[in-house]
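K.L.:
Have a look at the structure that comes next, please.
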C-alpha cells in the first residue's frame, strides 16, 4: 500500500530531523568552540540526506497511488498534507536551489559584515541578487501551486494565507495604529506622572533566575519529562516534541527580560509538546505554521504574562525565588506598566506590542512590491524611510543599519515570512477572546496560577489539530470566525488606551 | 580515482558517526526521560545507515582499484586499514548478523532481569544461543581473514593481537600473580599496621568536586575548546575527537572515586584529542583499538595518578578546591595507600590493579574454551568457580550473580574483548618505562604538575600514529620491544611488594 510507504518514509524523515534538531540544540548550548567545523559537516550532511529523502521522485508516484487507495478520513488529511509539503519541496529545480542558496549565503555574510559598518551601498548588489532569485522562485512556486507569486511564498510558512485575506486585516490595523501609537504614548505619560516607573533592585543570581523560570514553566504546563531549559546566546525553542530544547539567557542586573523570554518560548514548547504523538512522523502531525506557532508563544507572553491578573499569582513566585527585595515596593500595576512599556523605535525585535505590527506592515508592503517588481532594491532605503516616517515618525534615511539592514530575513531569502509575526499576535488575541467566552472565570484561574483551563482549550482546538487544516481553517474552527483585527485592536485599546 | 571515492565515503561515515556519538552523549547527559523512544529510533536509523554505507558492495571494487593506483606511502597505509575494516565489516552475511543481534538482545534482556535474581538456570539457555552463534561467527571471520577463530575475534578489537603472542604473556603474569596477591596483601597489612588507613572527611560539594576535576583535566592537557565534562550514571568518554564528551558521577561522602574516574577518562580523551586531525575521516586516522585506548586511560590513572610523586603536586590542588580539611592530616603516603588498596573480590569492575588481571585471565581462558568447543555453557559455573578458587581463593559456585553472570559482555556477543583491559595495563607500564628512559627527570616534572613531557612522548609515539600500524607493531615502534610482562610485573613488585 502506497500510504504505508509514505508512513515509512515519514518515520525515516522523523529520525533524520530528530538528529538535526538535537545536534543543533547541542551546538547552541553545549558544544565547545572547536567542535564547530565537524558539527557543521555532520549537520550539513544530514540536511542533504533529509532533502534527498523527502524529494525522491518515487514519492510522487506513491502519493498518486495513495490517492486512489481506500483511506480513512484521517489518512486522507495526512495524505493531503504530505502532498502539499512534497509539492512545495519539489517545485524548484535542484540547480536553482543551489544558486539561490549560494546567493543567500553571500548576502548573509555581507550583511553580517556591512550592517555594523552602516554600509548599504556595498550590501545592495548582493541583496539585489537575492531579490532577483526570490522573484523567480515566487513565479515557479506560483506556477506549481496555482497561486499568485507572493501567496505562493506565504504558503511555505502559513498554508492557506493569501494577500486577499491578510492585506485588508493589516491595512485596518495600520490605520488604527498610526493614530493609536501617539494616544497610547500620551496615556502612558499620564500614568507615569501619576505613578512613576519603578526599577528592579539587582543583582539577581543566575541560578535563582533559572529556578524562577523553571517554576513558572512547570506551572504553565511544560512537561519536564519531555524537555529542558538551557542557556544559549540567542534564546530559542528547538528539539523535538518528545524532547523540547528551550533556552534563555540571563543578565544579573534585571530579570524580567529573561523571564518574559522564558514565558514566550514556553508558549512554543507547549504547542510542540501538545501535538498528537501518534502522528509525529507525518507532516499532518506537525505544528501548523509560523503564524500559529507565534500565536502560541504570544498567547503565553502577551495574553497571559502581560496581564494584571497573571501577576497577582506571579509576584509571590518571584519573591519566593529572587527574594522579597526583588520587587520590593512594587505592586501589580508597576509590573504591568514595566512589561507593557510603549516606545517608538527603529528596531523591530526591540519593539513592544503596540508598535511591533507597524514594523511588520512596513516589511509586508515593501516585500510585496519587491516581489511584484514595483520596487527595486536600490529604492528600498527611501521607501523604508518614507514608511517609517509615516507610521512611527522616525527617519532612517541616514541610518540603513537601523533601517532596511536591521533584519537578516531578506538576505536569507525569507520573503512572505514577516507577516506571520503579527498574524500570530492577532491570532493570540482572538484565541484569548474565545477562551474568555468559553470560560468566564478564566481570569480567576490565572490569578490562582491554574493554567489547566487555557491549556485544555488550546490542546483541543489548536495543538491536537496539528496540520489537519490550513491556517485560516484552523483559526475558524477554533474561534468560530476568520481572522478579525477588531479583536486585537480592542485588546490594545483596553490595555494601552 | 578510487582512493578519492574512499575518502569521500570516509567523510560521509564520519558525519554519520559524529551524529551518533553526539546523540548518544546527549542521551546519557541531557535527555529528559520521555525523549528515549524517539531518540532510540533516530540513533537506530543512523546505525543502520552507517552499516549500509560502510558495507556497500561497490566499496570492494573501489578498494581493489585503489590498490593498483599510484598512492603515497601514507595513502597505502590508509588503504590497507580501510580494507581491513571493510573486510571485518562485511565477512558476516546480513541474515546472520540479524540472528546474532536478536540472540544478543534477548540474552542481554534476560541478563538484566536474572542477574539480580541470581538465576543461572534460566539464563544459561539464552547464553548458549549466543555462544553457538559466536562459534559460527569466529569460524566465518577466521575463514575471511585467514586467522584462527579466536584470533579472528580479537582482531576486531586489537588488530594484530594473536593468542600465540598474548597467551604466554598472560600465562606468565598469572603465575606471578597467584603468588604475588597474598604477598601484596601481607605487605599492605604491615603498612596498615605501621600507618593506619585514613578516611576523608566529607561532605564534598559536587560543584567543588567538579572544579577539582576540571582543573586536573586542564593540567593533564585536556583541551576544553574540543571537549567538555558532564555527569552521567555510567562514566564514559564519548563524542568525537573535535568534541570529546567526558562524564563522571559524584557522591558527596568522598571524592577520590570520582576524581580517579575523571583521570581515567581524561586518558581516553587525550588519545582522541591527540589523533591526527587531517585523517579523522579515514579509519587510519582513528584510535588503534581497545587495548591501546585502555593503555592511555590506565597510563593516566595508574601510572601517573596512583604514583606518590603525582600527589606531591595534586594534594595542594585538592586543598584549593575542596578546602584544607579535605585531606587534613593526610600526607602523600596516605593518599597512595588509599588509591592503591589491594583486596580480593568477586567483581572485576571493582578490582584493583593487582587482582584485576586475574579476573581477565580467567575470562580469557574460559572464552577460548567456549569458542573452541572444549567448554559448554552448562559447565561454566564450575569452571569459573575452579579458577576463582585457584587464582583468588574465592568460591562462586553458589553465587553466579557474582560469578559468570557479573558481566554483560558475553551476552552482548563480545568474545575476544576481555584481554584488551589487561593488555592495556601492560602497555601502559611499558610506555611509562620508555618515557622514564627517554626523560630521566619525568618524575620531577610530574611532581611539578608539568605533563607536557609525557604528553609530547605519547602524542608522537601513540596518538599521532593513530591506526597506521597493528597493535603489536605500534607498541614495538613506540617502546622498542614487543609486549613484555616483566615490565608490569616489576611495576607491581615495586608498588605493592
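The values are calculated or read from the model by the stated rules, or taken from the named source; none is laboratory data. A quick note: this is a predicted structure, and the numbers were derived from the prediction, not measured. When we count neighbours, we look across all protein chains shown, and the Cβ atoms used for this are built from the backbone with ideal geometry, even at glycine.
K.L.:
Would you check if there is a residue in the range A:79-98 being out of contact with any helix residue (DSSP H, G or I) (no Cβ under 7 Å at 6 or more places or on another chain) and either within 14 Å of chain B (Cβ to nearest Cβ) or more than 23 Å from residue A:136 (Cβ to Cβ) (or both)?
P.N.:
yes
K.L.:
Please go through the range B:163-185 and pick out each residue that is closer than 25 Å to residue B:466 by Cα and buried (at least 17 other Cβ atoms within 10 Å of the Cβ).
P.N.:
Applying the first criterion (closer than 25 Å to residue B:466 by Cα) to the range B:163-185 yields B:163-166, B:169.
Passing the criteria: B:163, B:166, B:169.
K.L.:
Let me ask you something else. Does residue B:222 satisfy the criteria of being in contact (Cβ under 8 Å) with a residue 40 or more places away in the chain, in a loop (DSSP other than H, G, I, E, B) and buried (at least 21 other Cβ atoms within 10 Å of the Cβ)? So that I can check it myself, show each step before the final result.
P.N.:
On the way: in contact (Cβ under 8 Å) with a residue 40 or more places away in the chain: yes; in a loop (DSSP other than H, G, I, E, B): yes; buried (at least 21 other Cβ atoms within 10 Å of the Cβ): yes.
Taking the combined requirement at face value, the residue satisfies it.
K.L.:
Here are some residues: A:189, A:205. Which one is under 26 Å from residue A:495 (Cβ atoms), surrounded by fewer than 21 Cβ atoms within 10 Å (Cβ to Cβ) and not assigned by TED's automatic domain parsing to the domain that holds residue A:14? Working first, answer last.
P.N.:
Values: A:205 fails: under 26 Å from residue A:495 (Cβ atoms).
Only one candidate passes the filter, namely A:189.
K.L.:
Here is a further query. Counting only residues that are in contact (Cβ under 8 Å) with a residue 24 or more places away in the chain and over 20 Å from residue A:355 (Cβ atoms), which one in the range A:421-441 is surrounded by the fewest Cβ atoms within 10 Å (Cβ to Cβ)? Walk me through how you get there before you give the answer.
P.N.:
Of the residues in the range A:421-441, the ones in contact (Cβ under 8 Å) with a residue 24 or more places away in the chain are A:421-434.
Filter once more, keeping what is over 20 Å from residue A:355 (Cβ atoms): A:430-434.
Numbers: A:430: 25, A:431: 25, A:432: 23, A:433: 20, A:434: 18.
Here the residue is A:434.
K.L.:
Out of the range B:115-155, which residues are more than 26 Å from the chain's Cα centre (by Cα) and not in a helix (DSSP H, G or I)?
P.N.:
Once the filter is applied, which keeps residues that are more than 26 Å from the chain's Cα centre (by Cα) and not in a helix (DSSP H, G or I), the range B:115-155 yields B:117, B:118, B:119, B:146.
K.L.:
Out of all the residues in the range B:392-414, which are surrounded by 22 or more Cβ atoms within 10 Å (Cβ to Cβ) and either touching a strand residue (DSSP E or B) at 6+ places or on another chain (Cβ under 7 Å) or more than 19 Å from residue B:120 (Cβ to Cβ) (or both)?
P.N.:
none
Yes/no matrix, rows are residues, columns are (1) touching a strand residue (DSSP E or B) at 6+ places or on another chain (Cβ under 7 Å); (2) not in a loop (DSSP other than H, G, I, E, B):
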residue	(1), (2)
B:181	no, yes
B:186	no, yes
B:190	no, yes
B:200	no, no
B:208	no, yes
B:212	no, yes
B:230	yes, yes
B:233	no, no
B:246	yes, yes
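K.L.:
Here's another thing I want to ask about it. Just checking, does the range B:162-179 include any residue being closer than 19 Å to residue B:100 by Cβ, in contact with a helix residue (DSSP H, G or I) (Cβ under 7 Å, 6 or more places away or on another chain), in contact (Cβ under 8 Å) with a residue 12 or more places away in the chain and part of a helix (DSSP H, G or I)? Steps first, answer last, please.
P.N.:
Our first condition is that a residue be closer than 19 Å to residue B:100 by Cβ; within the range B:162-179, this holds for none.
No, the range B:162-179 contains no residue that is closer than 19 Å to residue B:100 by Cβ, in contact with a helix residue (DSSP H, G or I) (Cβ under 7 Å, 6 or more places away or on another chain), in contact (Cβ under 8 Å) with a residue 12 or more places away in the chain and part of a helix (DSSP H, G or I).
K.L.:
When you scan the range B:290-390 for helices (runs of 4 or more DSSP H) that lie fully inside it, which ones turn up with 3 or more residues that are touching a residue at least 12 places away in the same chain (Cβ under 8 Å) and surrounded by fewer than 22 Cβ atoms within 10 Å (Cβ to Cβ)?
P.N.:
The helices (runs of 4 or more DSSP H) meeting that bar are B:308-322, B:332-339, B:356-372.
K.L.:
Being touching a helix residue (DSSP H, G or I) at 6+ places or on another chain (Cβ under 8 Å) and closer than 29 Å to residue A:368 by Cα is the filter here; which residues of the range A:180-194 pass it?
P.N.:
Result: A:180, A:181.
K.L.:
Condition check: surrounded by 16 or more Cβ atoms within 10 Å (Cβ to Cβ), within 13 Å of another protein chain (Cβ to nearest Cβ) and in contact (Cβ under 8 Å) with a residue 60 or more places away in the chain. Does residue B:240 satisfy that? Give the derivation first.
P.N.:
Numbers: surrounded by 16 or more Cβ atoms within 10 Å (Cβ to Cβ): yes; within 13 Å of another protein chain (Cβ to nearest Cβ): yes; in contact (Cβ under 8 Å) with a residue 60 or more places away in the chain: yes.
It is true that residue B:240 is surrounded by 16 or more Cβ atoms within 10 Å (Cβ to Cβ), within 13 Å of another protein chain (Cβ to nearest Cβ) and in contact (Cβ under 8 Å) with a residue 60 or more places away in the chain.
K.L.:
So, restricting to helices (runs of 4 or more DSSP H) that lie completely within the range A:1-67, which ones have at least 1 residues that are away from chain B (no Cβ under 11 Å) and closer than 28 Å to residue B:272 by Cα? Explain how you work it out, then say what you get.
P.N.:
Details: elements: A:2-29, A:36-54, A:57-67.
Hits in the range A:1-67: A:2-29.
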